[in-house]
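The values are calculated or read from the model by the stated rules, or taken from the named source; none is laboratory data. Keep in mind it's a predicted model, so treat the numbers as computed, not measured. Reconstructed Cβ throughout: ideal geometry from the backbone, glycine too, with neighbour counts over all protein chains shown.
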Amino acid sequence: MLELLESYQPVPLEDAILAFYRKHHIANPDEIDLDWMAREANIWIHYKPHPSASYELRGMWSVIVDDRLPEPQQRVELAHELGHVFLHVGHQIAINADLKARQEWQADRFAMYLLCPTPMIADHMITAESRGQLVDHFADTFNVPDYFMDARLKLLEQRLQMLAAQRQFAAALESLPQYGRDYDQVVRHPVNPRIEYYLREGRVVYQRKRAEV
């Protein structure tokens, strides 16, 4: 995995989080202070025996974290709720089920990138005898539950596999003259931003699917 990580390219959401970490010189897992981040963003954090949630009241955002949970799980729930605050506007109760599911999906990934940034995973990579040992190592390193770390590593592996496939695809295109440099313009699909058209003299040479955001 280390060799693949050397050419890793983050998706836009992760890239924004990494830029924030670089700006504030956050380079190690023990420097990821979610309470400080919330204060910097004027978000109130309340630890209570109540299911975790985020809400807006009179222009101020607050997050409730269930203090009955173990600390690693509290960190995950706080990061998830911060994802809702930073990425979404309004109350989830007023949106349809599909949009709510999409927002939950986005908040989950925000939490994964926030709590376990890829460069820090690379910095703390070890040679493990099993996947379970690797998960335990990173769960302890980032102070998150094992199940969360397992999901984070799977997300990273999927990204690495996709990047490897893209490089293989690009190499294949380069070997074919009609699909190599035989285009003079790249435009996005007018409806689906994940599709790109490669044009030559205004005609479509080929199209491809862009990386997921």
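Of the helices (runs of 4 or more DSSP H) entirely within the range 95-207, those holding at least 3 residues that are within 14 Å of the chain's Cα centre (by Cα) occupy 97-115, 118-123, 146-174.
The rows are residues; the columns are (1) out of contact with any Asp or Glu (no Cβ under 6 Å at 6 or more places or on another chain); (2) of a type in the set (A, V, I, L, M); (3) under 24 Å from ASP15 (Cα atoms); (4) not assigned by TED's automatic domain parsing to the domain that holds PHE148.
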{"site": "ASP35", "(1), (2), (3), (4)": "yes, no, yes, no"}
{"site": "ARG39", "(1), (2), (3), (4)": "yes, no, yes, no"}
{"site": "TRP44", "(1), (2), (3), (4)": "yes, no, no, no"}
{"site": "ARG58", "(1), (2), (3), (4)": "yes, no, no, no"}
{"site": "ASP66", "(1), (2), (3), (4)": "yes, no, no, no"}
{"site": "ALA79", "(1), (2), (3), (4)": "yes, yes, yes, no"}
{"site": "HIS84", "(1), (2), (3), (4)": "yes, no, yes, no"}
{"site": "LEU87", "(1), (2), (3), (4)": "yes, yes, yes, no"}
{"site": "LEU114", "(1), (2), (3), (4)": "yes, yes, yes, no"}
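Scanning the range 36-64 for residues that are surrounded by fewer than 16 Cβ atoms within 10 Å (Cβ to Cβ), in contact with a strand residue (DSSP E or B) (Cβ under 9 Å, 6 or more places away or on another chain) and without any contact (Cβ under 8 Å) to a residue 24 or more places away in the chain yields ARG39, ASN42, TRP44, HIS46, LYS48, PRO49, HIS50, PRO51, MET60.
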